[in-house]
Structure formats: structure tokens, C-alpha cells
Amino acid sequence: MKEVDIFLASDHAGFKLKEKLKTYLQKLHQVEDLGPFSYNPKDDYPDFASKVARKVSKNKNSKGILVCSSGVGMAIAANKFRGIRAVTAYDAFTARFSREHNNTNILALRAKNFSFEKTKKIISIWLKTPFSNEERHKRRIRKIGKWTTLP
């Protein structure tokens, strides 16, 4: 069986978009859905951000995609984990630079007031953009890595 490329999860506000994205992403990638598996207004973003962050931190070649109302809560929660560099990207520039300069490994997306087409474009750019591997960027990432607190 092929290794998982993308770990995917949402909270209650991002559930519908997550389901749509799962169908879209499974055409091109090996995706593991970490929940939720049905809509429940009690599904909170920290619970699902932690599931994806733990998986991505243990699977160095994988990426994570998280969805909540704004993407911000998911990114904040995921960034608490060692080795995670999560970004909330609302445009192509942020998606591209977050990969080139910061080697982000989790993309946190906004479910509210955002078109599916724009979301797909951001995901595509983020997934296709490689890390620049420039020493200045690697140095900065190492510095950030010293600050994380969770295993």
C-alpha cells in the first residue's frame, strides 16, 4: 500500500469543505482522513489539529491539511507540536512562500466565505512548491524548531 501523502482533518465548521477536499485530493494523493467523520457542533479544532500534527511530525515526507472557519485556530494549535510549521494561506503568494522559505508541512484552510476554486488553487500551489533549501531558510527553521514544546 502507498504511504500516506496527506493527513486531513477539520472541526465542525470545516467538515463540509473537508469532505469535498477529500474527494478532490484522493484523485491525486494517498489521503488519510483523521476526522471528524460526521458533523457534530462539539468537534473542536484543537482536537483535530493535534491528530494531524502528531501524524505529520512522525511521517517526515507527509503533509497535513486542516480546515476550520478561518484556518487560524488550526494553525495555532498545530504549531504547538515539534517539527510542525503550519500556515494559514489565503492566497497563492502565501502558499508558495510558506513552502519556499519556511518549508511548511501543514496547510490550514478557511472554510467560511472562500470559494472552492480558490481553495483548490492554494492547495495545488502549496503541494507543488518545493522548499528552496537555501541555507538562510534552513538556519531560520532550525531556530524556530528550538522553541516548540510538545513531542
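The values are calculated or read from the model by the stated rules, or taken from the named source; none is laboratory data. Quick caveat, the model's predicted, so the values are computed rather than measured. Cβ atoms come from the backbone with ideal geometry, glycine included; neighbour counts cover every protein chain shown.
In the set LYS112, LYS51, LYS60, LYS55, only one residue is at pLDDT below 95, of a type outside the set (S, T, N, Q) and surrounded by fewer than 22 Cβ atoms within 10 Å (Cβ to Cβ); that residue is LYS60. Quick one: in segment 51-71, of everything that is part of a helix (DSSP H, G or I) and out of contact with any Lys or Arg (no Cβ under 8 Å at 6 or more places or on another chain), which residue is farthest from GLY14 (Cα to Cα)? Looking at the filtered set, the residue picked out is LYS58. Among the conditions (1) of a type outside the set (Asp, Glu); (2) surrounded by fewer than 24 Cβ atoms within 10 Å (Cβ to Cβ); (3) over 14 Å from LEU8 (Cα atoms); (4) modelled with pLDDT of 95 or more, the only one that PHE81 does not satisfy is (4). Search segment 115-151 for residues being in a helix (DSSP H, G or I), modelled with pLDDT under 95 and hydrophobic (A, V, I, L, M, F, W, C), and hand back the single one that is farthest from LYS27 (Cα to Cα). The residue in question is ILE144. Reported count of residues in segment 46-63, each being of a type in the set (Gly, Ala, Ser) and either within 19 Å of HIS29 (Cβ to Cβ) or out of contact with any helix residue (DSSP H, G or I) (no Cβ under 9 Å at 6 or more places or on another chain) (or both), is 3.
Within segment 65-88, being closer than 16 Å to PHE131 by Cα and within 11 Å of the chain's Cα centre (by Cα) holds for ILE84, ARG85, ALA86, VAL87. Just one of ALA49, ALA78, ALA95 is under 15 Å from LEU127 (Cβ atoms) and either out of contact with any Ser or Thr (no Cβ under 9 Å at 6 or more places or on another chain) or of a type in the set (Gly, Ala, Ser) (or both); which is it? ALA95 is the lone residue from the list that is under 15 Å from LEU127 (Cβ atoms) and either out of contact with any Ser or Thr (no Cβ under 9 Å at 6 or more places or on another chain) or of a type in the set (Gly, Ala, Ser) (or both). Taken over segment 1-60, the criterion of being of a type in the set (S, T, N, Q), farther than 20 Å from ARG85 by Cβ and in contact (Cβ under 8 Å) with a residue 24 or more places away in the chain is satisfied by GLN30, ASN40. Considering each residue of segment 1-32, count those that are more than 22 Å from ILE76 (Cβ to Cβ) and assigned to a strand (DSSP E or B), and give that number. The number of residues fulfilling the criteria is 2. What about TYR45, is it touching a Cys at 6+ places or on another chain (Cβ under 9 Å) and closer than 26 Å to ASN103 by Cβ? Against the criterion (touching a Cys at 6+ places or on another chain (Cβ under 9 Å) and closer than 26 Å to ASN103 by Cβ), TYR45 qualifies. Just to be sure, is ASP5 among the acidic types (Asp, Glu) and crowded, with 18+ Cβ neighbours inside 10 Å? The answer is no for ASP5.
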